[in-house]
Ligand code: AMP
């Protein structure tokens, strides 16, 4: 496994793989890798691709400086996970490589980025799309793999790829969870024992809403079912718990013909967590 920090070397290695007839799969991450990230690598490897994984904690997408400063960095175990899962190349640029002095152009996504995470984290998706576009241009992959765990991020990236005619296929991969339902996240390592014990409530609430929708309950009732579950953890600070259209993330109505997704963001014990669950209603 090759580990590079330099764009020219990255491009040389990718070009060689391409000359050898390999298709390029790309997994962008912020490090502190876990089995959720590993599952994206597995998808790329199972598709037979030369797999590049990037590790870059992108300052541009953090609206809260303390969140950025406290973001976990686990360089050695990250390399180990990459090696054991068969990553071909790790790209670990430093901040000056991505944002050299004088950097002055940003991607600003539109309506799809204006709700949920976009509303609660000002500028977050500008940061995400700007870095993802830059990384796409550096790696030039055929396919990029993203987790459905960050549901809105996946939708925003798909929109950017469509809008800018990027010749890259975007693959969304299922969320990997702990046995108690908690979605794996780099932030989980920050949870105290008490907060860790409470955190699966997010998935339980999403499941309650999904079950209600599946059994034909109106969206208002289904949402209330989830909110009732969340009520069991009074110290939980809720940012949002909503049901939206899977593709547009617009609010759903009860006669809505398409699939829905329930989305939640909440802070438990000082750690902000997000999760979601897709639902197909009866007969939809
Ligand atoms: P991050 O390092 O948090 O920026 O995540 C990098 C990629 O891994 C994103 O596409 C995430 O959606 C994905 N990811 C994070 N957690 C999970 C998970 N539990 N299951 C699947 N994919 C995940």
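The values are calculated or read from the model by the stated rules, or taken from the named source; none is laboratory data. Keep in mind the model is a prediction, meaning the values are calculated, not measured. Using ideal geometry, Cβ is built from the backbone for each residue, glycine included, and neighbour counts are taken over all protein chains shown.
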Condition first: within 16 Å of the ligand (Cβ to nearest atom) and crowded, with 18+ Cβ neighbours inside 10 Å. Now tell me which residues in segment 188-199 satisfy that.
188, 190, 191, 196, 199
When you scan segment 1-77 for helices (runs of 4 or more DSSP H) that lie fully inside it, which ones turn up with 2 or more residues that are modelled with pLDDT under 95 and surrounded by fewer than 20 Cβ atoms within 10 Å (Cβ to Cβ)?
65-69
Which condition breaks for residue 241 when tested against (1) modelled with pLDDT under 95; (2) surrounded by 13 or more Cβ atoms within 10 Å (Cβ to Cβ)?
(1)
By residue number, the members of segment 175-186 that are over 12 Å from the mean Cα position of the chain (by Cα) and near the ligand (Cβ under 8 Å from one of its atoms) are 177
Could you check how many residues of segment 148-174 are under 22 Å from residue 250 (Cβ atoms), near the ligand (Cβ under 9 Å from one of its atoms) and touching a residue at least 24 places away in the same chain (Cβ under 8 Å)?
7
Of all the residues that make up segment 134-157, how many are under 27 Å from residue 96 (Cα atoms) and either assigned to a helix (DSSP H, G or I) or over 11 Å from the mean Cα position of the chain (by Cα) (or both)?
15
Return only the number of the condition from (1) surrounded by 15 or more Cβ atoms within 10 Å (Cβ to Cβ); (2) in a loop (DSSP other than H, G, I, E, B); (3) in contact (Cβ under 8 Å) with a residue 12 or more places away in the chain that residue 217 does not satisfy.
(3)
Restricting attention to segment 122-147, which residues are over 28 Å from residue 18 (Cα atoms) and surrounded by fewer than 20 Cβ atoms within 10 Å (Cβ to Cβ)?
122, 123, 126, 127
Selection status of residue 263, more than 19 Å from the chain's Cα centre (by Cα), part of a strand (DSSP E or B) and touching a residue at least 12 places away in the same chain (Cβ under 8 Å)
no
Are there any pairs with C-beta distances below 9 angstrom linking a residue in segment 132-145 that is farther than 20 Å from residue 42 by Cα and touching a residue at least 60 places away in the same chain (Cβ under 8 Å) to a residue that is part of a loop (DSSP other than H, G, I, E, B) and away from the ligand (no atom under 15 Å from the Cβ), with the two at least 6 apart or on different chains, and if so which?
132/107
Of all residues in segment 31-47, count the ones that are closer than 14 Å to residue 172 by Cβ and within 7 Å of the ligand (Cβ to nearest atom).
3
Filter segment 78-94 down to residues that are surrounded by 12 or more Cβ atoms within 10 Å (Cβ to Cβ) and assigned to a loop (DSSP other than H, G, I, E, B), then give me how many there are.
6
